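Take a look at the structure set out below.
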Amino acid sequence: MSTRNPLSATRAGLTAVLMLPALVLVGCAGPASIPTAGQSASQPAGENTVMTVSLKFMPSDITVPAGTTVTWQNGEAISHTVTSGTWGEVDGSTGLRGTETPDGRFDHALAPQGQEGDSFSHTFDEPGEYLYYCQPHQTMNAKVTVVP
């Protein structure tokens with residue numbers, strides 16, 4: 001007959017309970033897969049897709065060859081804009097921009113995630129740097145660099 005130490009059983013049970021949150025977090029730590037309109041959760045966003053996540057454009061800087069279409073996808077339950085133009089005077093501690101000037105190249109209001117109009121695409125034909133921002137959210141500043 002074997003005898004079990006009740007303290008060992010308690011430690012094993014406690015270890016299992018304490019490990020559960022870590023196991024759950026490991027499952028959440030993989031690549032983000034936010035479904036878009038007409039896209040299932042298992043389909044990743046496209047290579048030239050910029051997502052809005054946590055009041056940021058992700059990635060904030062993207063480099064593409066001339067002739068490439070970039071798509072912005074709203075990954076949040078709030079509206080954003082994708083407005084081309086210059087921005088500046090970004091506060092290093094808060095990330096808030098101090099200036100913005102639209103240039104009229106594009107200005108699209110992104111509907112909340114899952115609603116019609118939650119994505120926007122623009123083709124960049126000419127090499128150069130194209131700044132853009134979200135009008136209502138002063139921390140959302142980004143750039144598309146187009147190479148030949």
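The values are calculated or read from the model by the stated rules, or taken from the named source; none is laboratory data. Since the structure is predicted, the reported quantities are computational estimates derived from the model, not experimental observations. With ideal geometry, Cβ positions are generated from the backbone for all residues, glycine too; neighbour counts draw on all protein chains shown. Note: areas computed on protein heavy atoms with side chains; ligands, DNA, RNA excluded. Shrake-Rupley method; radii C 1.70, N 1.55, O 1.52, S 1.80 Å.
Points worth noting:
- Any chance Ile34 is among the hydrophobic types (A, V, I, L, M, F, W, C), open to solvent by less than 90 Å² (accessible area, probe 1.4 Å), out of contact with any Cys (no Cβ under 7 Å at 6 or more places or on another chain) and at pLDDT 95 or above: no
- Filtered residue count, the stretch 87-112, keeping only those that are touching a residue at least 40 places away in the same chain (Cβ under 8 Å) and over 27 Å from Gly67 (Cα atoms): 5
- Pairs with Cβ under 8 Å, 6+ apart, first in the stretch 113-124 and within 10 Å of Ala77 (Cβ to Cβ), second modelled with pLDDT of 95 or more and open to solvent by 50 Å² or more (accessible area, probe 1.4 Å): Gln113/Ala77
- Test result for Ala66, closer than 20 Å to Val144 by Cβ, among the aliphatic types (A, V, I, L, M) and either at pLDDT 95 or above or under 20 Å from the mean Cα position of the chain (by Cα) (or both): yes
- Selection within the stretch 61-93 - closer than 16 Å to Pro136 by Cβ and open to solvent by 10 Å² or more (accessible area, probe 1.4 Å): Glu76, Ala77, Ile78, Ser79, Thr81, Trp87
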